[in-house]
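Asks: Mind having a look at this structure? Questions to follow.
Every number in this text was worked out from the coordinates using simple rules, so none of it is lab data. Please read all numbers here as calculations on a predicted model, not as lab measurements. Neighbour counts run over all protein chains shown; Cβ positions are idealised from the backbone, glycine included.
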Amino acid sequence: MSRKLCVGILGATGTVGQWFVRLLEDHPQFEIAALAGSERSQGKRYAEACTWRFASEMPIAAGSLVVQSPEPPLDCDLVFSTLPSSIAGGVEAAFVKAGYPVISNSSSFRMDPNVPLLIPEVNPDQLTLLDAQLRCGTGGQGFIVTNPNCSTIVLALALAPLHEKFGV
């Protein structure tokens, strides 16, 4: 069995960050290795820094991690960013420059023609844009992939099969 990829979550104490923590608990391919948040949370254990917003218990492993600054280096293979768009652009760009793959939930790079705007079930071919990023980038493994607005994702998931069948 191959090892799990170690992931960092930027904006981990916010509601969307908590959602990622919750989804990644016991994930077969990912293991949470680093959590990053605002200055107010940094240096505290996640369980102390975070007001958990879900009915389920906070994952024990995540709760024991110390919240770090959202800047490289983080001890992980890739980062999921749930940062607010107002700060995400610069932070995510720094991680890409440092060689990290960045999967972003913010709108900062959604209009960049070299950044995949990905809904895996609808347009996996967007990942071919990563070749251009890697060629033009730092020469390392850093790149960014982002998702569309949440309402757009739901709409596209519903319309894609109709378009395929009927040409909507």
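Asks: Rounded, prolate or oblate, given the Cα gyration tensor of the stretch 83-156, with a/c below 1.5 counting as rounded? Walk me through the numbers on the way to the answer.
Replies: Numbers: a/c = 2.49, a/b = 1.29, b/c = 1.93.
Since a/c reaches 1.5 but b/c is at least a/b, the shape of the stretch 83-156 is classed as oblate.
Asks: With +1 assigned to the C-beta of every Lys and Arg and -1 to the C-beta of every Asp and Glu, and no other charges, what is the dipole magnitude of the chain about the Cα centre in debye, to the nearest 20? Present the calculation step by step, with values, prior to reporting the outcome.
Replies: On the way: 11 positive and 15 negative charges, 37 e Å.
So the dipole magnitude of the chain works out to roughly 180 debye.
Asks: To one decimal place, what orientation-averaged projected area in nm² is obtained for the convex hull of the Cα set of the stretch 5-166?
Replies: Averaged projected hull area, Cα only: 10.2 nm².
Asks: If you restrict to DSSP beta bridges whose two residues both lie in the chain, what percentage is antiparallel, to the nearest 5?
Replies: Details: 1 of 21 bridges.
Here the antiparallel bridges make up roughly 5 percent for the chain.
Asks: Something else now. Would you list the membrane-span-like helices of the chain, meaning whole DSSP H runs whose alpha-carbon atoms span at least 15 Å along their axis and whose mean Kyte-Doolittle value is at least -0.5?
Replies: 85-97, 150-166
Asks: How high is the relative contact order of the stretch 5-166, in percent, with contacts defined as C-alpha pairs under 8 Å that are six or more residues apart?
Replies: 19 percent
Asks: Taking a ≥ b ≥ c as the square roots of the Cα gyration tensor eigenvalues, with a/c under 1.5 meaning rounded and otherwise prolate when a/b beats b/c, else oblate, which class fits the stretch 7-77?
Replies: Oblate.
Asks: How long is the gain from residue 151 to residue 29 if the chain were fully straight, where each residue apart is worth 0.36 nm and the alpha carbon distance is subtracted?
Replies: 41.2 nm
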